[in-house]
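Chemist: Okay, here's the structure, questions in a sec.
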Amino acid sequence: MTKKTAMVRRGVIPFARLSLIGFFPIAVHVSAQPVHLVAVTFDDLPYVMSDKASRSDNQKDAQPANRAILAALRHDAVPVTAFVNEDKVRALGSLGTKILTQWNQGTLTLANHAAHHVDSNMLTPAQFENEIKEGERSIGPLAHKAGRKLEFFRFPFNHVGDTEPKRKALSEIVRRLGYRQAATTIDVEDYLFNDAYECAHAAGNPVDEQRILQAYIDYARIEIPCYQKLDEKIMGYDVPAVMLLHSNRLNAVALPQILALFREQHYRFVTLTQAQSDPAFKREPAIATRFGPMWGYRWAKERHIPVDGRLEQEPPDWVRNYCHKL
Ligand SMILES: [Zn+2]
């Protein structure tokens, strides 16, 4: 997409066309139509079990949490790609597959997130290849039965390879197994807020649950435009966003508000395939890293554009330390 088409999509009339309209050399906003695109993705399906709860309590909570998430998605007609860990499917017994079936219809699509949520930094490329293959055990037959193909793979922790030869080898394996690598451009650290939320829940403290929920929404409200501006600065136009969320207790409650933030900030929901059809995603950034930075930071590094990641706001310390203080 060119910069000009990006401007048109954002409801901004390019300067050259202003002569037909008037004499004011300013951009004119023509409507309040959605101007940005976002693909919502969920990781760690079917459910992020809490280590503060028993296995049976986790099994009991997985189904209603998924039901709430799916209801919020249906309410706003949000297409989603859902990244599954095979070990989390097995941990739920027959319920695991039952939940996944609900994510394998309409505009909801299953994808591979490795069998055991392993860190590629700790494995050889051959070991990691087995993880991807084993990750297909449940989702492969489900996708096949629905006449679908598994299109996307996402690295756990977004760890794409900590050296350039390894990054290349892993990228090649993902491609050879028939996948596209899923991008991630917005991270609101929902796993961290969820940890605190789980601790408050286990302690039977609904007041703190509410405080943590509010802190999460406040943080997401800041982070969403922060990443949009970062990507636009680096790439020179408004790149479709890919939002990372997790299937957990917090999002079962928070998702309607998270989706509302996108609507308020003039986003339109698209599929991951639609988002990644943008030229920005034609290939993944050739940046090896031990960490899992968002693609905006990788694009910046690849293009030698200085960005100070320390300027990005962090989640509040009281949330980060919440579980330690109980
Ligand atoms: Zn994950």
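Derivation of every value follows stated rules applied to the coordinates shown; laboratory data play no part. Here the structure is a predicted model, which means the values were calculated and not measured. Here the Cβ positions follow ideal geometry from the backbone for every residue, glycine too, while neighbour counts run over all protein chains shown.
Chemist: How large is ³J(HN,Hα), in whole Hz, for each residue of segment 173-186 in order, when computed from phi with the Karplus curve 6.51 cos²θ - 1.76 cosθ + 1.60 and θ = phi - 60°, using x for Gly and Pro?
Modeler: 4, 4, 5, 4, 7, x, 9, 9, 7, 6, 7, 9, 10, 10
Chemist: Say a site is exposed when it is one of the trypsin sites (Lys or Arg not before Pro), sits in a DSSP loop, and has at most 12 other Cβ atoms within 10 Å; what is then the longest site-free stretch of the chain?
Modeler: Between exposed loop sites, the widest span is 1-148.
Chemist: So how much slack lies between Leu326 and Gln105, counting 0.36 nm per residue of separation and subtracting their Cα-Cα distance, in nm? Let's see the in-between values first.
Modeler: Values: separation 221, 0.36 × 221 = 79.56 nm, distance 4.13 nm.
The Leu326-Gln105 span can extend by a further 75.4 nm.
Chemist: Can you list, largest first and rounded to whole Å, the semi-axes you get for the chain by taking the square root of 5 times each eigenvalue of its Cα gyration tensor? Please list the in-between numbers first.
Modeler: Values: eigenvalues 210, 122, 82 Å².
Gyration-tensor ellipsoid for the chain: 32, 25, 20 Å.
Chemist: Report the antiparallel proportion of the DSSP beta bridges in the chain as a percent, rounded to a multiple of 5. Before the final figure, lay out each step's value.
Modeler: Working: 1 of 24 bridges.
Roughly 5 percent of the beta bridges in the chain run antiparallel, per DSSP.
Chemist: I'd like the FRET efficiency for Lys168 and Ala126, computed as 1/(1 + (r/R0)^6) with the beta carbon distance as r and R0 of 22 Å, rounded to 0.05.
Modeler: Details: r = 14 Å, r/R0 = 0.66.
The computed FRET efficiency comes out at 0.95.
Chemist: Could you tell me the relative contact order of the chain? Use alpha-carbon pairs under 8 Å, at least six residues apart, and round to a whole percent. Don't skip to the answer; put the middle values down first.
Modeler: Working: 522 pairs, mean separation 81.0, N = 326.
Once normalised by length, the contact order is 25 percent.
Chemist: Also, quick follow-up: Would you mind checking which residues have amide H under 5 Å from Asp43's amide H? H placed 1.01 Å from N; only 5 or more apart, or other chain.
Modeler: Phe83, Leu245, His246, Ser247
Chemist: Right, next: For Ala241, which sequence-distant residues (separation of 5 or more, or a different chain) have an amide H within less than 5 Å of its own amide H, given hydrogens modelled in the peptide plane?
Modeler: Leu37, Val38, Ala39
Chemist: Taking the simple approach of a point 7 Å from Cα along Cα-to-Cβ for both Ile217 and Glu134, what is their distance in nm?
Modeler: Between Ile217 and Glu134, the label points sit 4.1 nm apart.
Chemist: What does the charge dipole of the chain about its Cα centre add up to, to the nearest 20 debye, if the Cβ of each Lys and Arg holds +1 and the Cβ of each Asp and Glu holds -1?
Modeler: Working: 41 positive and 37 negative charges, 232 e Å.
The dipole magnitude comes to about 1120 debye.
Chemist: Continuing with this model, one more query. I want to check the label-to-label distance for Arg148 and Arg310. Put each point 7 Å from Cα in the C-beta direction and report it in nm to one decimal.
Modeler: 4.4
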